[in-house]
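**Q** Before I ask anything, here is the structure I am working with.
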Amino acid sequence: MTRLLLLSFMSFLLLLTAACGSSGSEAGGKTVKQESNEAASSENKNNQGGKKKSDGDKTPIKIGVLASMSGALESYGKQTVRGFELGIDYATQGTKTVDGRSIEFIVEDTETKPDVAVKKATKLLETDKVDFLVGSSSSGDTLAVLPLAEEYEKVMIVEPAVADSITGEMWNKYIFRTARNSSQDAIAGAAAIAKQGVKIATFAPDGAFGRDGIKAFKEAAIKLGAEIVEEQYADATATDFTANIQKIVSAKPDYLFVVWAGANTPWKQIKDMKVTEQGIKLSTGAPDIAALKTMHELEGMEGFSVYYHSLPNNEVNKWLVSEHTKRFNGELPDLFTPGGMSAAIAIVEAVKKTDGDTSADKLIAAMEGMTFDAPKGKMTFRAEDHQALQTLYAVKLEMKDGTDYPAPVLIRELLPEETAPPIHNKR
């Protein structure tokens, strides 16, 4: 199992060597940043307050994408960037143009470090003069960048970071999120296992992602009558979880609910320490395909999924699956690919609604309450906090024909109104 996990992680490293840094993005070896209109680009860079379309204005729309193209979350960054590229193509029918203006995007690697994220975002805003920010893979990176969106008065689409505080206490009016948040995950996770009298232990990485996720899960589970008997947090880069698991076992819960992200999953140690053999059932959100390949011991587990390529049944997702396999050597879209695509579609739809005007006030007015089609179905930016309401999935992990891992099988869709999270921004 350790060897399988290492091989999966190394494969991601090899695949990502072709990804671009600060000047473009992965597109089958080609850059998507266009350099053909230097005069228009120069005019674009001299206008920091947002660009308004006028007759004959053909300046490019520039988008800065912050993603973990290295570090523990690099596979997530790669998925997001691929999805974003596909989303621009889908939303513009392959023209990479909206309202007469070409679209460029520039990818910057945050290295999953908040200080680096701030530095790269500042470069995008001051040097590249982007109209939009998108990102990032890490909640910590994203929280560090949020104030810059307000300072520079630029709309930022948050994808795939999930910390509640992003659209909660740290929110500002320039922030919109296509990613689901921790509360949406928690409502779905709690619905799968929590009920009166059930004892639950939780385990998560020690950071904004993990702590916000567990906080939201606890609130949802307690409302359903469950008791939280133990909470354990480990360093996000840890590889030895022995002490955490021992404390969980000692608490004698009925369920262990795990929130995790990254390559260093705890599943092998949970199996080695025979947690399930001591009467403790496991539950979690179904992760990306690389992590699913390490989860044979979770076959039969009921939990929830943010996305798996076979779960949504709509035309946008069918296009995504088909086009992704064509462009990327038969690879299927993964956990965060549809999020990147959704962010791109949202930007294009917003610019259409403003007739090409990329000034923040016009965009915000257009995007509040905006509904658009995405790979997971219809998404709506809630006016109060700009959180996208979206479908999640109740699933069971099962071995299926054609897979060598337990894959998410749909139990039922959890509709946007069913998983709508509390409003925490006190707007």
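**Q** Six or more apart or on different chains, Cβ under 8 Å: which pairs go from a residue in region 88-101 that's over 21 Å from N317 (Cβ atoms) to one that's part of a loop (DSSP other than H, G, I, E, B) and among the charged types (D, E, K, R)? Could you list them?
**A** Partner pairs satisfying both residue conditions: D99/K53; D99/D355; G100/K53; G100/D57; G100/K58; R101/K53; R101/D57; R101/K58.
**Q** Quick one: A394 ticks every box in (1) in contact with a Lys or Arg (Cβ under 6 Å, 6 or more places away or on another chain); (2) surrounded by 22 or more Cβ atoms within 10 Å (Cβ to Cβ) except a single one, so which number is it?
**A** With respect to (1) in contact with a Lys or Arg (Cβ under 6 Å, 6 or more places away or on another chain); (2) surrounded by 22 or more Cβ atoms within 10 Å (Cβ to Cβ), A394 is out only on (2).
**Q** List, please: which pairs have Cβ atoms under 9 Å, are six or more places apart or on different chains, and start with a residue in region 374-385 that is farther than 14 Å from T337 by Cα and touching a residue at least 60 places away in the same chain (Cβ under 8 Å) and end with one that is of a type in the set (K, R) and open to solvent by 20 Å² or more (accessible area, probe 1.4 Å)?
**A** D385/R427
**Q** Given the conditions (1) in contact (Cβ under 8 Å) with a residue 24 or more places away in the chain; (2) closer than 22 Å to F336 by Cα, report the number of the one that T242 does not fulfil.
**A** (2)
**Q** Here is a list: A192, A204. Which entry is touching a helix residue (DSSP H, G or I) at 6+ places or on another chain (Cβ under 7 Å) and surrounded by 20 or more Cβ atoms within 10 Å (Cβ to Cβ)?
**A** A204
**Q** Give region 349-391 a look and list any residue that's of a type in the set (A, V, I, L, M), more than 15 Å from A179 (Cβ to Cβ) and either in a strand (DSSP E or B) or open to solvent by 20 Å² or more (accessible area, probe 1.4 Å) (or both), or say none.
**A** A365, A383
**Q** Would you pick out the residues in region 147-164 that are touching a residue at least 40 places away in the same chain (Cβ under 8 Å), surrounded by fewer than 24 Cβ atoms within 10 Å (Cβ to Cβ) and of a type in the set (D, E, K, R)?
**A** Scanning region 147-164 gives a single hit, E153.
**Q** Can you tell me which residue within region 83-106, out of those that are touching a Lys or Arg at 6+ places or on another chain (Cβ under 8 Å) and in a helix (DSSP H, G or I), is surrounded by the most Cβ atoms within 10 Å (Cβ to Cβ)? Spell out the reasoning first.
**A** Here is the first cut: in region 83-106, the residues touching a Lys or Arg at 6+ places or on another chain (Cβ under 8 Å) are 86, 88-89, 98-106.
If we keep only those that are in a helix (DSSP H, G or I) too, we end up with 86, 88-89.
Details: L86: 25, I88: 28, D89: 20.
Looking at residues that are touching a Lys or Arg at 6+ places or on another chain (Cβ under 8 Å) and in a helix (DSSP H, G or I), I get I88.
**Q** Quick check: is even one residue across region 355-376 under 17 Å from the mean Cα position of the chain (by Cα) and of a type in the set (A, V, I, L, M, F, W, C)?
**A** The answer is yes, given that some residue of region 355-376 is under 17 Å from the mean Cα position of the chain (by Cα) and of a type in the set (A, V, I, L, M, F, W, C).
**Q** Which residue is farthest from E230 (Cα to Cα), if the candidates are limited to region 259-300 and must be charged (D, E, K, R), open to solvent by 10 Å² or more (accessible area, probe 1.4 Å) and touching a helix residue (DSSP H, G or I) at 6+ places or on another chain (Cβ under 7 Å)? Can you show your working first?
**A** Here is the first cut: in region 259-300, the ones charged (D, E, K, R) are 268, 271-272, 274, 277, 281, 288, 293, 297, 299.
Those left that are additionally open to solvent by 10 Å² or more (accessible area, probe 1.4 Å): 268, 271-272, 274, 277, 281, 293, 297, 299.
Keeping just the survivors that are touching a helix residue (DSSP H, G or I) at 6+ places or on another chain (Cβ under 7 Å) gives 268, 271, 293, 297.
Numbers: K268: 20, K271: 19, K293: 28, E297: 22 Å.
Going through the qualifying residues, I end up with K293.
**Q** Here is a further query. Considering only residues that are in contact with a Ser or Thr (Cβ under 9 Å, 6 or more places away or on another chain) and either open to solvent by 30 Å² or more (accessible area, probe 1.4 Å) or acidic (D, E) (or both), look in region 397-417 and name the one that is farthest from N181 (Cα to Cα). Even if it seems obvious, please write down each step before you answer.
**A** Step one: filter region 397-417 for residues in contact with a Ser or Thr (Cβ under 9 Å, 6 or more places away or on another chain), giving 400, 405, 407-410, 413-416.
Next cut, either open to solvent by 30 Å² or more (accessible area, probe 1.4 Å) or acidic (D, E) (or both) only: 400, 409-410, 413, 415.
On the way: K400: 29, V409: 22, L410: 21, E413: 17, L415: 15 Å.
Within region 397-417, the match that is farthest from N181 (Cα to Cα) is K400.
**Q** For G303, which of the numbered conditions (1) modelled with pLDDT under 95; (2) open to solvent by 10 Å² or more (accessible area, probe 1.4 Å) fails to hold?
**A** Against the list (1) modelled with pLDDT under 95; (2) open to solvent by 10 Å² or more (accessible area, probe 1.4 Å), G303 comes up short only on (2).
Condition check ((1) assigned to a helix (DSSP H, G or I); (2) in contact (Cβ under 8 Å) with a residue 60 or more places away in the chain; (3) within 24 Å of P338 (Cβ to Cβ)) across all residues:
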residue	(1), (2), (3)
E108	no, yes, yes
V116	yes, no, no
K119	yes, no, no
D128	no, yes, no
I166	yes, no, yes
E169	no, yes, no
R180	no, yes, yes
S183	yes, yes, yes
G197	no, no, no
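**Q** Let me ask something else about it. Name the one entry in F209, F241 that is within 20 Å of the chain's Cα centre (by Cα), aromatic (F, W, Y) and either modelled with pLDDT of 95 or more or under 27 Å from A420 (Cα atoms) (or both). Please lay out each step first, then the result.
**A** On the way: F241 fails: within 20 Å of the chain's Cα centre (by Cα).
Answer to the check: F209.
**Q** A further question on this structure: Could you run through region 318-337 and say how many residues are open to solvent by 30 Å² or more (accessible area, probe 1.4 Å), closer than 19 Å to L73 by Cα and not in a loop (DSSP other than H, G, I, E, B)?
**A** Final tally of qualifying residues: 0.
**Q** Run A251 past the list (1) open to solvent by 10 Å² or more (accessible area, probe 1.4 Å); (2) closer than 17 Å to D164 by Cβ and report the number of the one that doesn't hold.
**A** (2)
**Q** A further question follows. Quick check on T95: is it of a type in the set (V, I, T), at pLDDT 95 or above and within 19 Å of the chain's Cα centre (by Cα)? Walk me through it before giving the result.
**A** Details: of a type in the set (V, I, T): yes; at pLDDT 95 or above: yes; within 19 Å of the chain's Cα centre (by Cα): no.
The answer is no for T95.
Conditions (1) touching a strand residue (DSSP E or B) at 6+ places or on another chain (Cβ under 9 Å); (2) of a type outside the set (A, V, I, L, M, F, W, C); (3) open to solvent by 10 Å² or more (accessible area, probe 1.4 Å), marked per residue:
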{"position": "G140", "(1), (2), (3)": "no, yes, yes"}
{"position": "V145", "(1), (2), (3)": "yes, no, no"}
{"position": "N181", "(1), (2), (3)": "yes, yes, no"}
{"position": "G197", "(1), (2), (3)": "yes, yes, yes"}
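**Q** Out of the residues in region 219-238 that are of a type in the set (D, E) and surrounded by 14 or more Cβ atoms within 10 Å (Cβ to Cβ), state the one that is modelled with the lowest pLDDT. Steps first, please.
**A** Residues of region 219-238 that are of a type in the set (D, E), as a first pass: 219, 227, 230-231, 235.
If we keep only those that are surrounded by 14 or more Cβ atoms within 10 Å (Cβ to Cβ) too, we end up with 219, 227, 230-231.
Working: E219: 90, E227: 97, E230: 98, E231: 98.
Among them, the one singled out is E219.
The values are calculated or read from the model by the stated rules, or taken from the named source; none is laboratory data. The structure presented is a predicted model; accordingly, all values stated were derived computationally and were not measured. Positions of Cβ are backbone-derived with ideal geometry, glycine not excepted, and every protein chain shown enters the neighbour counts. Side chains included, ligands, DNA and RNA excluded: accessible areas come from the protein's heavy atoms. Shrake-Rupley method; radii C 1.70, N 1.55, O 1.52, S 1.80 Å.
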